[in-house]
């Protein structure tokens, strides 16, 4: 099977980005803002409970938020 | 973290090793006294030489007959070594069944006694004794046109000189042959007239087409030359791209295909006799008079192309205009170089733009497997043509992509590219923003292309799983979480001064 046939066979399933280009800034900004707020909350109370309840989500939000934000500013990673 | 890095590094190493169908052009070595066996006869041969562009485009249609007692598969096409290196986009098809695709062609090293190099055409089915096949051979010869006079005034007409043999170089006996030369205009001040090759006028002229022959060459030894030279008007730039580097960056997270083309351009036309005059140039420009300089470059872009830029060694060049298409039609990027590029002058620049990835990427039936279809080169569209001495195309796939395969799309007519075995392909890793391991990069290198290859398309398939995609956010997640854990641990250390 030539790769052109693979391309033709896949015509019904074009790539769909997780977040469209137009929404990347909004999504990235929101996630990063939440990450900053959660980081602040963790800074106020650095207990293990706070690490698990606030630090962990803050890290997750920062991870995804920064990926969307760097895409939104034109560095497509 | 180290375990994580080691694991993904291991995955990548195996993935690079597992990548298939990578090619590296090799040339067959032949014995010093090699001569192809006389197993074929060219019954009739017609060569069309097109000089309308800044390079030579030749198509040869030849009826080949097997005169041996056994079936034959290999047909040799000779070129002198210095010409061989400048032949680009060499392709052979069965003229009567062009939709069956191109034949496999191998290149050889030079044979020391004759100085010839050969293309060996492998016929898909052995040609039985006494049977015939019509071959359609097409190729371009780069850098074979020389300006005469070599220096001209700024507003003068430019003339090019082209030398070739009236007898088409062939390894086999040819019964009849003729050559049709197509000029860009009827202004052909000098051309060789032959006296003893055929009865009647030779060449026969019809508008801008000159026909040498037909000649009865049954008794002419293969390899005999009869030099012909023509000189014709070509008041257009001879645009030569010394090197084109093209980057295509695929981003699944951003849903974007970023393209950047970097050009090292030269005009191979007549040089200026005297110093450049800005006044004369402005005057000629105002009249839109034909010129041997590159005045403007029109660069068609695919529908949906956005964020174009045009930068040279100094910085942003503001004399450009982008006319975006209306969503379905192609856009045009109109570039005016910082200065007109006269004969012998160089200009290097880069252009880039973005596209939505959805138009170029599809998910195949196999889970986590993707197929990408992108133009091999895009480049300027100009009536005078563009020749590319060397093209390096880099497809930067997302980090973690593996099992990479590629192919160029083939149609019923020439796509301007050489055969797959003449394209040098390699895989490497390219590290840039937010990368832990580097992105899988497919690099394709081709020598000797022309703007005929503008319509050629490259198809790449690769595997890219959810875990590969999550590598970036999870790395950042791990980094920040480590900071939080460190903060928590440090804040729990009791540093108070008290009695324990």
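Read-outs: derived from the displayed coordinates by stated rules, not from any lab. Remember, predicted model here, so these are calculated numbers, not experimental data. All Cβ positions, even for glycine, are placed from backbone atoms using ideal geometry, and neighbour counts span all protein chains on display.
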**Message:** Within region B:139-173, name every residue whose backbone N is under 20 Å away from a label modeled 7 Å from Cα of residue B:274 along the Cβ vector.
**Reply:** B:149-159
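Distances over 19 Å make up what percent of all Cα-Cα pairs in region B:114-185? Could the numbers behind the result be given before it?
Details: 1514 of 2556 pairs.
Here the tail beyond 19 Å accounts for 59 percent of pairs.
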**Fill in**
Rounded to the nearest 10, the angle in degrees between the Cα long axis of helix B:2-18 and the longest principal axis of the Cα atoms of chain B comes to 20
**Asked** Normalised by the number of residues in region B:134-213, what is the relative contact order in percent for Cα pairs under 8 Å and 6+ residues apart?
**Response** 23
**Overall dimensions of chain A as given by Cα atoms, namely Rg and Dmax in Å** = 18.7, 61
**Request:** Rounded to the nearest 10 degrees, what's the angle between the helix B:466-491 long axis and the longest principal axis of chain B, both from Cα atoms, 0 to 90?
**Result:** 30
**Asked** So which residue, out of A:58, A:35, A:12, gets the largest mean-square fluctuation from a GNM of chain A using Cα contacts under 10 Å as springs?
**Response** A:12
**Prompt:** Between residue A:45 and residue B:109, how many nm apart are label points set 7 Å from Cα along the C-beta direction?
**Reply:** 7.9
**Complete:** Listing B:219, B:100 by rising number of other beta-carbon atoms within 10 angstrom, fewest first, gives B:219, B:100
**Fill in**
Sorted largest first, the C-alpha extents of chain B along its principal axes in whole angstrom are 120, 69, 43
**Item:** Theoretical FRET efficiency, 1/(1+(r/R0)^6), r = Cβ-Cβ of residue B:61 and residue B:491, R0 51 Å, to 0.05
**Value:** 0.05
**Request:** Give the shape of region B:30-157 as rounded, prolate or oblate, defined through the alpha-carbon gyration tensor: a ≥ b ≥ c are the square roots of its eigenvalues, a/c under 1.5 means rounded, and otherwise the shape is prolate if a/b is larger than b/c and oblate if not.
**Result:** prolate
**Prompt:** Once both labels are modelled 7 Å past Cα along the beta-carbon direction, what's the residue B:219-residue B:196 spacing in nm?
**Reply:** 1.2
**Message:** Using helices alone, I'd like the mean residue ellipticity at 222 nm for chain B: each DSSP H run of four-plus residues gives -39500 (n - 2.57), total over residue count, nearest 500.
**Reply:** -3500 deg cm²/dmol
**Prompt:** Using a Förster distance of 25 Å, how high is the FRET efficiency between residue B:146 and residue B:381, based on the Cβ-Cβ distance and rounded to 0.05?
**Reply:** 0.50
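If you stretched the chain out fully between residue B:187 and residue B:29, how much longer would it get, using 0.36 nm times the residue separation minus the C-alpha to C-alpha distance?
Stretched fully, the residue B:187-residue B:29 segment lengthens by 52.4 nm.
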**Asked** Gaussian network model of chain A, Cα springs within a sub-10 Å range: biggest mean-square fluctuation belongs to which of A:26, A:42, A:15?
**Response** A:15
**Item:** Cα pair distances exceeding 13 angstrom across region B:199-240, given as percent
**Value:** 72
**Request:** Please provide three numbers in whole Å: the alpha-carbon extents of region B:68-222 along the principal axes, with the largest listed first.
**Result:** 59, 38, 35
**Request:** Would you mind computing, in nm to one decimal, how far apart the modelled labels at residue B:81 and residue A:75 are, each placed 7 Å from Cα along Cα→Cβ?
**Result:** 5.0
**Request:** Could you give the C-alpha radius of gyration of the protein assembly as shown expressed as a fraction of 2.2 N^0.38 Å, taking N as the number of residues it contains?
**Result:** 1.22
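In region B:279-434, how does Rg compare with the Kirkwood Rh, expressed as the Rg/Rh ratio over alpha carbon atoms? Before the final figure, lay out the partial values.
On the way: Rg = 19.1 Å, Rh = 18.9 Å.
Here the Rg-to-Rh quotient is 1.01.
Beyond 21 Å, what percent of the Cα pairs of region B:382-500 remain?
Numbers: 4151 of 7021 pairs.
Of all Cα-Cα distances in region B:382-500, 59 percent exceed 21 Å.
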**Asked** On a 0 to 90 degree scale, rounded to 10, what angle separates helix A:56-72 from the longest Cα axis of chain A?
**Response** 50
**Fill in**
For region B:434-500, the percent of all C-alpha pairs falling in each 10 Å bin, from 0 up to the bin holding the max distance, is 13, 23, 19, 16, 12, 8, 5, 3, 1
**Asked** Between region B:223-252 and region B:283-341, what's the alpha-carbon centroid distance in Å?
**Response** 20
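So what is the relative contact order for chain B, in percent, with contacts set as C-alpha pairs under 8 Å and at least six apart? Don't skip to the end; give the middle numbers.
Working: 1202 pairs, mean separation 83.0, N = 500.
Relative contact order comes out at 17 percent.
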**Asked** Given just the C-alpha atoms of region B:150-207, how large is their convex hull per residue in cubic angstrom?
**Response** 126
**Request:** Return, for the Cα atoms of region B:147-286, the radius of gyration and Dmax in Å, separated by a comma.
**Result:** 22.3, 71
